[in-house]
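The values are calculated or read from the model by the stated rules, or taken from the named source; none is laboratory data. Quick caveat: nothing in here was measured; it's all calculated off a predicted structure. Cβ placement follows ideal geometry from the backbone for every residue including glycine, while neighbour counts extend to all protein chains displayed. With ligands, DNA and RNA removed, areas are computed over all heavy atoms of the protein, side chains included. Shrake-Rupley method; radii C 1.70, N 1.55, O 1.52, S 1.80 Å.
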Amino acid sequence: MMILKFKSWCGAIGLAMLLPFCFNVHAQDIEKTKEQFLHAVLLDNVSEVERYLRAGGDPNVANAAGDPALVVAMREDSPRSREVLLTHPNINVDARSQKGETALMIAAYKGEQTWVDRLLKRQARVDNADGWTALHYAAIQGYAAIVDELLKFGATANKAAPGGITPLMLAARGGHVDVVKLLIKQGADERLANDRGMRAAEFARQHGHTALAEALEKRLNP
C-alpha cells in the first residue's frame with residue numbers, strides 16, 4: 001500500500017513538473033499557427049486562411065508590426081483573404097494598426113471603391129475618435145466618388161487630423177478641384193486653419209495650384 005501511495009505521489013509530482021512545459025509548448029504552437037495564418041493572408045493563400053479559421057482561430061490577430069489581419073489583406077492586395085475575413089462573423093472591421101489605420105482607410109487611400117462599399121455595408125466606422133480618417137485618405141488622393149460616399153455615410157467634412165489638417169486642406173494640396181468643390185458643398189469650411197495658421201488656399205498655393213488657391217481666396221474675400 002505504501003509503495004502504491006509513493007508511486008501515486010511521484011506521479012503527481014512528475015505531472016506538476018511537466019504541466020508548465022506542456023503549457024509553454026502549447027503557447028508556442030498557438031503563436032506559430034498565428035504567424036502561419038498571417039503569412040497566408042500576406043500571400044493570399046486562402047486555403048490556409050480558411051483552415052486556420054475553421055479551427056477556431058481569431059480573425060483579428062495582428063502581426064509583429066501591430067497590423068490586424070484585415071488591414072494586412074487590404075494593404076497587400078490579398079482579395080481572396082479579404083473576402084474570407086470580411087464575411088467572418090467575428091471580424092472587427094474597425095481594428096486599427098499601430099499607426100491607427102483601418103481597412104476602410106487603406107481602401108479609401110488606394111481608391112478601391114468596391115471594398116469601400118463592402119466595408120461600409122459591414123458598418124465600418126467612417127470617423128475615428130481622433131487622428132486621420134478614411135475621408136482624409138480619399139481626399140488627398142482625389143477620389144471624388146469615395147469622398148462622396150463617405151460623406152453620405154456620415155463622415156465629418158471638417159474633421160481635423162493631428163496638426164489641425166482637414167480633408168479640404170489635403171484636397172487643395174493635391175489640386176483636386178472636384179473633391180474641393182464636393183467637400184465645400186457638403187459643409188467643409190475653407191476658413192479653417194491648421195496649427196501653423198495655413199488654410200486650404202495656402203495649401204493649394206504652396207503646391208503650385210495657383211488657380212485653385214485664387215478661387216479659395218476669393219471665397220474668403222468676396
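Quick notes on this structure:
- Trypsin sites (Lys or Arg not before Pro) within the range 153-195, DSSP loop, no more than 13 other Cβ atoms inside 10 Å: Arg191
- For Glu101, the shell of other residues with beta-carbons less than 12 Å away shows a net charge of +2, using +1 for Lys and Arg and -1 for Asp and Glu.
- If only the Cβ of Lys and Arg carry +1 and only the Cβ of Asp and Glu carry -1, the dipole of the range 118-222 around its Cα centre is close to 260 debye.
- For the range 44-172, with all protein chains in place and a probe radius of 1.4 Å, 48% of the accessible heavy-atom surface sits on carbon or sulfur.
- Positive contributions from Lys and Arg (+1) and negative ones from Asp and Glu (-1), summed over other residues with Cβ under 9 Å from the Cβ of Val46, come out at -3.
- Shown here is the pair-distance distribution of the range 181-222: with all Cα-Cα distances grouped in 10 Å bins from zero up to the longest one, the shares run 30, 60, 10 percent.
- Pairs exceeding 29 Å between alpha-carbon atoms, taken from Lys110/Lys181; Lys110/Lys152; Lys34/Lys159; Lys121/Lys181; Lys99/Lys121: Lys34/Lys159.
- Alpha carbon centroid spacing (whole Å) that separates the range 91-109 from the range 147-173: 16 Å
- When every Cα-Cα distance of the chain is counted in 10 angstrom steps from zero, the calculated P(r) takes the values 8, 27, 23, 16, 11, 6, 4, 3, 2, 0, 0 percent.
- In degrees, nearest ten, helix 210-220 long axis to first principal axis of the chain (Cα): 80 degrees
- Full extension of the chain between Thr210 and Glu76 yields a length gain of 44.6 nm, computed as 0.36 nm times the residue separation minus the alpha carbon distance.
- Taking all protein chains as shown and a probe of 1.4 angstrom, Leu70 keeps an accessible surface of around 10 Å².
- The chain: relative contact order in percent, alpha carbon pairs under 8 Å with at least 6 residues between: 11 percent
- Per residue accessible area in Å² of the chain, where ligands, DNA and RNA are left out and the probe is 1.4 Å: 56 Å²
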